[in-house]
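Before any comments, here is the structure.
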Amino acid sequence: MLHNATLAGVKPGWYENFFQGLALDLWRNAVSPEQTRAEADFIQQAVAAPAGARLLDVPCGNGRHSLELAARGYRMTGVDLSAEFMEEARQLSAVAGLDIEWRHSDMRNLPWTAEFDGAFCFGNSFGYLEPAGMQEFVAAVGRALKPGAWFVLQTGVAAESILPTFQEREWYRCGDVVMLIANEYDAFHSCLDTTYTFLRDGKSETGESTHWVYTVAEIQRMLAQHGLETKALYAGLDRAPFHLGAPTLYVVAQARAAAIFGSPNAVG
């Protein structure tokens with residue numbers, strides 16, 4: 001039993017090849033321009049930085065938040081591992097005449113120290129990496145932020161969000177793409193293994209993912225270990241307090257003094 005549980009379903013590195021083809025077409029259809037603007041409003045208010053401030057979007061996908069915030073006067077840097085999305089982001093910023101720094105890189109590879117006035121991580125990407133990898137990511141964000149800067153995290157896979165309403169089978173239609181989902185929760189590792197089937201015009205593509213699932217308290221402790229102190233927890237863009245069963249968690253945290261970044265003994 002222990003041997004089987006230890007090997008059950010964990011797929012590290014799944015995200016390296018997942019974001020391509022119909023999966024990206026569905027994501028493009030899933031979010032409206034109005035939703036992007038509303039999320040940018042939330043980020044702008046949470047980071048509390050004036051126009052001209054430097055913000056980090058990681059991972060940035062096709063750059064929808066960076067494009068919107070750059071148009072509002074922020075100096076944006078977007079980081080993502082998807083080559084297809086990175087090329088799309090570059091083309092969109094060029095067409096819009098926006099000067100945005102795009103970095104094609106793993107979300108853990110953030111080479112900056114105390115350079116950003118704010119940072120954000122949207123799109124359920126918190127939990128893509130195995131626990132050690134998530135620690136590396138949070139540490140990199142903590143290092144990249146100036147003391148006192150704000151970090152905004154959005155995720156739909158916190159334990160308090162997915163477990164109360166867990167479903168083994170789901171399906172969604174976004175535009176002309178249908179997505180079928182088969183979920184399996186691996187309690188031994190606290191992770192969600194998912195098989196996706198994307199359908200459009202008789203064409204089918206499949207992909208698999210693993211999300212490591214953290215409680216809200218575990219997320220806060222991880223942030224605190226790397227100098228990011230949680231100041232607020234929300235259930236939506238309207239800033240309603242987070243509660244058990246809320247489908248989305250928004251964490252607003254603030255970077256403490258630079259000397260504490262990366263300290264394994266830091267506490268919130």
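The values are calculated or read from the model by the stated rules, or taken from the named source; none is laboratory data. These numbers come from a predicted model, not from an experiment. Every residue, glycine as well, gets a Cβ built from its backbone with ideal geometry; the counts of neighbours run over all protein chains shown.
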Just one of the numbered conditions (1) in contact with a helix residue (DSSP H, G or I) (Cβ under 9 Å, 6 or more places away or on another chain); (2) within 18 Å of residue 99 (Cα to Cα); (3) not small (Gly, Ala, Ser) is not true of residue 33; which one?
(2)
Which of the residues that make up region 173-211 are at positive phi and surrounded by 14 or more Cβ atoms within 10 Å (Cβ to Cβ)?
190
Matching residues in region 131-152 - criterion: being modelled with pLDDT of 95 or more and assigned to a helix (DSSP H, G or I):
135, 136, 137, 138, 139, 140, 141, 142, 143, 144
Taking residue 113 and the conditions (1) in a loop (DSSP other than H, G, I, E, B); (2) closer than 24 Å to residue 37 by Cα; (3) modelled with pLDDT of 95 or more, which numbered condition does it fall short on, given that it satisfies the others?
(2)
Answer residue from region 29-47, given it is surrounded by fewer than 18 Cβ atoms within 10 Å (Cβ to Cβ) and in contact with a strand residue (DSSP E or B) (Cβ under 6 Å, 6 or more places away or on another chain) and is farthest from residue 138 (Cα to Cα) among those
29
Assess whether residue 224 counts as being touching a Ser or Thr at 6+ places or on another chain (Cβ under 9 Å) and in the same structural domain as residue 131 (by TED's automatic domain parsing).
yes
Considering (1) aliphatic (A, V, I, L, M); (2) in contact (Cβ under 8 Å) with a residue 12 or more places away in the chain; (3) assigned by TED's automatic domain parsing to the domain that holds residue 31, say which one residue 217 fails and leave the rest.
(2)
On the basis of being under 30 Å from residue 180 (Cβ atoms), in contact (Cβ under 8 Å) with a residue 12 or more places away in the chain and of a type outside the set (Phe, Trp, Tyr), does residue 115 make the cut?
no
Which count do you get for residues in region 97-110 that are part of a loop (DSSP other than H, G, I, E, B) and touching a helix residue (DSSP H, G or I) at 6+ places or on another chain (Cβ under 6 Å)?
5
Of the residues 51, 132, 119, 83, which single one is of a type in the set (Gly, Ala, Ser) and in contact with a Lys or Arg (Cβ under 7 Å, 6 or more places away or on another chain)?
51
Candidates 86, 76, filtered to the one that is modelled with pLDDT under 95 and crowded, with 21+ Cβ neighbours inside 10 Å
86
Residue 208: passes all of (1) within 22 Å of residue 20 (Cβ to Cβ); (2) free of Cβ contacts under 8 Å to residues at least 24 places away in the same chain; (3) not small (Gly, Ala, Ser) but (2)
When you scan region 64-73, do you find a residue that is hydroxyl-bearing (Ser, Thr, Tyr) and part of a loop (DSSP other than H, G, I, E, B), even just one?
no
